[in-house]
Amino acid sequence: YLDALGADGTPVHKYVLPCGDQCKAMKHLLGLIDWSFERGGTRSSVVVGFGGGALMNITGLFAGIVYRGFRLVYVPTTLLAMHDVTTSLKTSICHWGRKNNIGIYYAPTLILMDLAFCRTLPQDELLSGLGELCKNAALFGGDHARGFVEAFSKDVLNECTGGEPESLTLDDQDLVKLTRLGVRAKMDILCVDATENLQGMVFEYGHTFSHAMEKAYGDGTIPHGIGVCYGMLCSSFVAEKLGIMSPEARAEHDCMVRLLTDRWALPEPKPSINRIMGYAMNDSKRGILAEEPHEITDLVVSKIGRIVSDHPSNLAKFDKKYVEEWFEIMGFQWE
């Protein structure tokens, strides 16, 4: 790839970062900045991010702050990065043990997507990308829910995997359809809320609990999209406890989500509830709804395709005891 980029004699310099959220650290951001100056980067330089979603996050932040903005090109190589990460203006690193708490909004000049990369993905990465599509299906229903469920139909799975429920392979037609649905979901919202602070906050569904689990387990243990699906199961449990979601609506919601979680069980040993809640109570959304000390914030849906909130951000706050109860039911223990 580098040889092709420099075929016309343009100087090309490479900087390799660790995989996953390990790359989203202050030391790596500072390393990129120092490297750009050492290599003679100027305002005419172009930064190309080549990799998965975490790498896109830190690359976008780096490109957006040096000289107040290099030209930026994203070449996402995972399904999650293609439809969810590069379609957002958000960039970030993780600092002080928190998730995505330092970042800016920055738009790339160009995004190049080649779904052929998805044929090279391990099962965990494919499921992770599908997890965020499952979230869109729960939020928006309609074409998003139908497209997601159809991709998981028994006939398709049997044809592609030989009937083995643990494995999943989607053909090119399904990947194109699902990726387009993911991009459309983002663009429909970003057209009216580019910074995802109001209507765009819907994409945080399940993320308070998923981010907390991901950090508590350790970066890279739980694929992000799978964590989001478990976070959605927690949110639906809370919604039923609050009387917002009926048992029937929750069953339909959870049946769809379990198309993924049944293929990826939470690993053992599980982190303590104390540790998870410590991260959850310091989520980046905290403060938007002026929560009381015992309250926590996420989104709540009453059924597939129907968000419930009386706040412009679509967020809702509720007693953390319901979240703790869900973790207990899932087999997590207190210290």
Could you please tell me which pairs satisfy a Cβ distance under 9 Å, a separation of 6+ or placement on different chains, a first residue in the stretch 244-259 that is more than 21 Å from residue 127 (Cβ to Cβ) and basic (Lys, Arg), and a second residue that is open to solvent by less than 50 Å² (accessible area, probe 1.4 Å) and in a helix (DSSP H, G or I)? 250/236; 250/237; 250/239
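Are any of the residues in the stretch 214-224 more than 23 Å from residue 321 (Cα to Cα), of a type outside the set (A, V, I, L, M, F, W, C) and more than 18 Å from the chain's Cα centre (by Cα)? So that I can check it myself, show each step before the final result.
Just the residues of the stretch 214-224 that are more than 23 Å from residue 321 (Cα to Cα), to begin with: 218-224.
After this cut, where a residue has to be of a type outside the set (A, V, I, L, M, F, W, C) as well, the list is 218-221, 223-224.
Checking which are more than 18 Å from the chain's Cα centre (by Cα) leaves us with none.
The answer is no, given that none of the residues of the stretch 214-224 is more than 23 Å from residue 321 (Cα to Cα), of a type outside the set (A, V, I, L, M, F, W, C) and more than 18 Å from the chain's Cα centre (by Cα).
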Considering the stretch 295-329 alone, what residues qualify as being in contact (Cβ under 8 Å) with a residue 60 or more places away in the chain and among the small types (Gly, Ala, Ser)? 302, 305, 313
Selection within the stretch 184-202 - among the hydrophobic types (A, V, I, L, M, F, W, C) and either open to solvent by less than 20 Å² (accessible area, probe 1.4 Å) or assigned to a loop (DSSP other than H, G, I, E, B) (or both): 185, 191, 192, 194, 198, 201, 202
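Kindly provide the set of residues from the stretch 16-43 that are closer than 13 Å to residue 94 by Cβ and of a type outside the set (Asp, Glu), ordered by number.
Going through the stretch 16-43, the residues closer than 13 Å to residue 94 by Cβ turn out to be 18, 20-29.
Of everything in the stretch 16-43, those that are closer than 13 Å to residue 94 by Cβ and of a type outside the set (Asp, Glu) turn out to be 18, 20, 22, 23, 24, 25, 26, 27, 28, 29.
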Look at the stretch 56-92 and say how many of its residues are under 18 Å from residue 225 (Cα atoms), in contact (Cβ under 8 Å) with a residue 60 or more places away in the chain and out of contact with any Cys (no Cβ under 6 Å at 6 or more places or on another chain). 8
Just one of the numbered conditions (1) at positive phi; (2) in a helix (DSSP H, G or I) is not true of residue 331; which one? (2)
On the basis of being touching a Leu at 6+ places or on another chain (Cβ under 6 Å) and within 23 Å of residue 269 (Cβ to Cβ), does residue 234 make the cut? no
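Output the helices (runs of 4 or more DSSP H) that fall wholly within the stretch 68-183 and possess 3 or more residues being small (Gly, Ala, Ser), modelled with pLDDT of 95 or more and crowded, with 22+ Cβ neighbours inside 10 Å, or say none. Quick ask: steps written out before the conclusion?
Working: elements: 123-140, 142-151, 154-161.
Because the criterion is at least 3 residues that are small (Gly, Ala, Ser), modelled with pLDDT of 95 or more and crowded, with 22+ Cβ neighbours inside 10 Å, the helices (runs of 4 or more DSSP H) in the stretch 68-183 that meet it are 123-140.
Hey, does the stretch 58-72 have a residue that's within 18 Å of residue 186 (Cβ to Cβ) and of a type in the set (Gly, Ala, Ser)?
Just the residues of the stretch 58-72 that are within 18 Å of residue 186 (Cβ to Cβ), to begin with: 60, 72.
Narrowing the set further to residues that are of a type in the set (Gly, Ala, Ser) leaves 60.
Within the stretch 58-72, one or more residues are within 18 Å of residue 186 (Cβ to Cβ) and of a type in the set (Gly, Ala, Ser).
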Conditions (1) of a type outside the set (S, T, N, Q); (2) under 16 Å from the mean Cα position of the chain (by Cα); (3) surrounded by fewer than 18 Cβ atoms within 10 Å (Cβ to Cβ); number of the one not met by residue 55: (3)
Of the residues in the stretch 257-291, those that are within 18 Å of the chain's Cα centre (by Cα) and within 18 Å of residue 301 (Cβ to Cβ) come to 257, 258, 259, 260, 261, 285
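Among the candidates 133, 127, 110, single out the residue that is within 16 Å of the chain's Cα centre (by Cα), over 17 Å from residue 304 (Cα atoms) and not charged (D, E, K, R). Show your work before the answer.
Working: 133 fails: over 17 Å from residue 304 (Cα atoms); 110 fails: within 16 Å of the chain's Cα centre (by Cα).
Within the list 133, 127, 110, the selection yields 127.
Residues that are more than 22 Å from residue 20 (Cβ to Cβ), small (Gly, Ala, Ser) and open to solvent by less than 40 Å² (accessible area, probe 1.4 Å): which helices (runs of 4 or more DSSP H) entirely in the stretch 220-316 hold 2 or more of them?
Values: elements: 224-241, 247-261, 273-280.
Ranges flagged: 224-241.
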If I ask for residues that are loosely packed, with under 10 Cβ neighbours inside 10 Å and either among the polar types (S, T, N, Q) or on the phi > 0 side of the Ramachandran plot (or both), which ones from the stretch 2-41 would you list? 9, 10, 40
Can you tell me which residue among 222, 226 is modelled with pLDDT of 95 or more and in contact with a Ser or Thr (Cβ under 7 Å, 6 or more places away or on another chain)? 226
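The values are calculated or read from the model by the stated rules, or taken from the named source; none is laboratory data. The structure displayed is predicted, hence computed values, not measured ones. Here the Cβ is made from the backbone with ideal geometry for all residues, glycine too, and neighbour counts use every protein chain on show. When the accessible area is computed, the model is the full protein with side chains, heavy atoms only, and any ligands, DNA or RNA have been set aside. Shrake-Rupley method; radii C 1.70, N 1.55, O 1.52, S 1.80 Å.
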